[in-house]
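The values are calculated or read from the model by the stated rules, or taken from the named source; none is laboratory data. Just so it is clear, the structure is predicted and the values come from calculations on it, not from any experiment. Here the Cβ positions follow ideal geometry from the backbone for every residue, glycine too, while neighbour counts run over all protein chains shown. The area values use the complete protein model at the heavy-atom level, side chains included, leaving out ligands, DNA and RNA. Shrake-Rupley method; radii C 1.70, N 1.55, O 1.52, S 1.80 Å.
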Amino acid sequence: MGRLGKVDPSSFAEVEKITTIHSDLKWKVDFDKKKIVGSVVHKFNVLEKNLPSIFLDVSEINVIDAFVVSKGGELPINFFISENVPDIGSKLTLELPEGTNVGELIVKINYETSSSASALQWLTKEQTLGKEHPYLFSQCQAIHARSVIPCQDSPSVKFTYNAIVEHPKELTALMSAIIKSSDNGVTNFEQTIPIPAYLLAIAIGKLVSRPLGPNSNVWAEEGIIEDCAFEFSETSHMLKTAEEICGPYVWKQYDLLVMPPSFPFGGMENPCLTFVTPTLLAGDKSLADVVAHEIAHSWTGNFVTNRNFEHFWLNEGFTVFVENKIVGRLKGPKEQAFHMIRNITDLQECLRSQLSKTPELTKLIVDLSNCGPDDAFSSVPYIKGSTFLQYIEETLGGPEVFEPFLRSYLKKYAYKSILTNDFKETLYEYFVTTAEDKLNKIDWDKWLFSEGMPPIIPHHDDSLAAVCKHLSELWSSKTSAELKTISDITKPLSAHQIIDFLGKLIESSEIVDLNEEKINLLEKTYSLNATKNAEIRFRFMRLCIRARLMGRMGEIIEFANSNFRMKFVRPVYRDLAGWPEGKPVAVENFQKIKDQMMKVCQYTIEKDLGL
């Protein structure tokens, strides 16, 4: 496919010649046809004189007509759409009048989305919790905004937006923006802070809310709203803690929307309205750390953004780094250290399984010349990236030295999109007189461009993790009969310790007598059949697959169908694909339910199953 643009390999937009400043959306949401019909009016800043045309990104969008808008009215312009590039989309060319000047240019496009738009998930009423009304939600990251709106779908471009959305009046519409008014099925939104296209978001359903704090609510279907309000009751506390670390929160509102089970991610940091998976509802707040991650994105990602997804670690590595700090301040240094150690375990598993055949994607800065961002998505930018920042922080003298720099960096690049070199140069500028000798010891090339695990993993307090390691060694090396005589296996564990212990057990190269008896003993010892914790359930199901327990296949498939969060379903399908008797069952089940998944989930599982 090659690199599509000079600035962004995954976008046709020539952002060095023209850039979007503001967009006005007017949408009518048609649940019967599964389409959004309407218009977008883009206000551009033209940077090059006599620009002959504008290139925008589209995917399966039907453009009806296009106009240049001026005080004199609307001037129709020619347009054409290129052939589709798989996993990328198409180029929309808008021909401009001769002599177009540098400066402001307004273009209006009337269009409709496809019923199979990759960013939109349309649920029938039967697929919702309430069973009475349909539901729509979007997921535009990484490059799926182009299936909802003709745009410069690159994080290098940031724009403000207003939206007028017409929808069924019995339903509530929410967007990654502030609601200005809502009346009789028409909702007006305003986002006054510039955002990249991937942060455009919409959700429409039979939704209710509960307050979480002075500027924070949680939204969900009525059947789970009280559980959600309990689970995420610490949100305002997390937000306040993040402000202490990063500086003032600029987005006014911080609401959570608990999504239907088909939402493919743990969370999505849409401004003013974070989307979170219902798999976080563990009943004991043990999985609410995901909210700390999404809150951190309000600064790292939404405020300061990677210029393209080759530098995705600038979004996610910084966010995990700040998330770890929030956890440390709220739960103490031991839990913070354990949080980091668990991340390293997850990274090891990712390199061993998901990325085993694509080692080039284990680099911190990846090359997206010949693959889409969805193909490169993994825990590498998250965990390898945050480990790099921990290493830099320790090298420079610890949090008290590094956190003032972090705030300075976030302030310097506020509302901007940057590359790794911008961060590096700013780091050197800040510490030039106090710690340049320490910075010179960092092997930047090794950290950014070497494959595999981080070159250096900082030491962490491992007292909580040591218990998990000891247990995984016992369960790996002892028979069921021997285990029943060892009192250590019955000592109380936290939910996070069970998660880490099971994760380490999955990573054990050999497990003695991994059979039905041992799996049953494991289940009984840690009450795994009673848990509501999806992270625990997920790891237990993977051990059942590793034990080749066909008698558990019903449970395994039930878990795989209970949610389509890619963190869970992809490893389960990959494990089943490696089991000769299990693969046909997995393929048959996938073919039955794949239409209930978002495109990004469906597409990646097809690859995992080798279809």
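Below, the figures for the structure above:
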{"item": "Residue-averaged [θ]222 nm for the chain, counting only DSSP H segments that reach four residues, each worth -39500 (n - 2.57)", "result": "-10500 deg cm²/dmol"}
{"item": "Relative pair counts by distance (%), Cα atoms of the range 376-455, 10 Å bins", "result": "16, 50, 31, 3"}
{"item": "Prolate/oblate/rounded call for the range 219-319, Cα gyration tensor, a/c under 1.5 rounded", "result": "prolate"}
{"item": "Peptide ranges 214-224, 563-573, 19-29 listed from the most packed, as the mean C-beta count within 10 angstrom indicates", "result": "563-573, 19-29, 214-224"}
{"item": "Projected area, mean over directions - the range 473-607, Cα convex hull, nm²", "result": "8.1 nm²"}
{"item": "Loop-located trypsin sites (Lys or Arg not before Pro) in the range 345-432 whose Cβ has at most 10 other Cβ within 10 Å (DSSP)", "result": "K357"}
{"item": "Two-decimal Rg to Rh for the range 444-552 - Kirkwood Rh, Cα set", "result": "1.04"}
{"item": "Percent carbon-and-sulfur accessible area, the chain, ignoring ligands, DNA and RNA, probe 1.4 Å", "result": "51 percent"}
{"item": "Rounded to whole Å, sorted largest first: equivalent-ellipsoid semi-axes of the range 501-545, Cα gyration tensor", "result": "17, 13, 8"}
{"item": "Kirkwood Rh and Cα Rg combined as Rg/Rh, the range 288-419", "result": "0.96"}
{"item": "Using a Förster distance of 56 Å, the FRET efficiency for R548-S463 (Cβ separation, nearest 0.05)", "result": "0.95"}
{"item": "Cα-based reach from K412 at 26 Å (exclusive), listing lysines while leaving out same-chain residues under 8 positions away", "result": "K6, K17, K43, K158, K240, K252, K325, K384, K424, K438, K441"}
{"item": "Which labelled figure in (i) 87, 64, 48; (ii) 93, 88, 50; (iii) 83, 61, 40 is Cα extents along the principal axes in Å, once derived from the coordinates", "result": "(i)"}
{"item": "Per residue accessible area in Å² of the range 521-611, where ligands, DNA and RNA are left out and the probe is 1.4 Å", "result": "41 Å²"}
{"item": "Net length gained if the chain between I106 and F80 were fully extended (0.36 nm per residue, minus Cα distance)", "result": "7.5 nm"}
{"item": "Loop trypsin sites (Lys or Arg not before Pro), the range 134-204 (other Cβ atoms within 10 Å of the site Cβ: 13 or fewer; DSSP)", "result": "K169"}
{"item": "Burial order of peptide ranges 185-193, 270-278 (average beta-carbon count within 10 Å, highest first)", "result": "270-278, 185-193"}
